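J.: I'd like to ask some things about the structure below.
Quick note: the coordinates plus some simple rules give every number you see, no bench work behind them. Note that this is a predicted model, so its numbers are computed, not measured. Every residue, glycine as well, gets a Cβ built from its backbone with ideal geometry; the counts of neighbours run over all protein chains shown.
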Amino acid sequence: MNLPPLRPLSTDVSVAGQLEESAMAALAHAGFKSVINNRPDHEGGPDQPTSASMASAASSAGLAYAYLPVSPAVQTADEIAQFRALVDTLPKPILAFCRTGTRCGKLFQAAQLA
């Protein structure tokens with residue numbers, strides 16, 4: 001599988017829209033070490049991969065995986081702090097994903113200010 005469109009936010013963090021399980025091996029091959037899933041399970045309906053299936057695919061590809069589901073409309077101070085902690089502690093480089101990558105970008109920007 002080809003990599004999805006990625007948007008770098010820093011030297012260590014990039015964001016993307018919804019991934020499929022098959023993208024995990026391509027991300028590992030591209031040099032990523034960790035994935036953060038910010039999309040709640042079933043937000044996009046029953047065809048969306050679940051966090052459990054994404055975690056399994058990430059593990060099989062040798063990637064660290066974190067699940068931090070957040071609403072697209074509002075990211076709380078606690079969610080921002082949790083995102084910051086993940087960025088600070090997960091092996092880098094990191095790819096965060098949600099439906100379009102926008103809420104991951106908002107979390108990253110807010111975490112930089114926190």
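J.: With viscosity set to 1.567 mPa s at 4 °C, what whole-number translational diffusion coefficient in µm²/s follows for region 1-94 from Stokes-Einstein and a Kirkwood radius over Cα pairs? Intermediate results must be reported in sequence, preceding the final value.
T.: On the way: Rh = 13.6 Å.
My calculation gives 95 µm²/s for D.
J.: At 222 nm, what helix-only mean residue ellipticity would the chain give, in deg cm²/dmol to the nearest 500, using -39500 (n - 2.57) for each DSSP H run of four or more? Don't jump to the answer; show the numbers that get you there.
T.: Values: 4 runs with 42 residues, N = 114.
Counting only the DSSP helices, I get -11000 deg cm²/dmol.
J.: Using a cut-off of under 14 Å, list every residue of region 89-114 whose amide N is near the label point 7 Å from the Cα of Ala30 along the Cα-to-beta-carbon line.
T.: Within reach of a label on Ala30, which here means backbone N under 14 Å from a point 7 Å along Cα→Cβ, region 89-114 contributes 93-98, 101.
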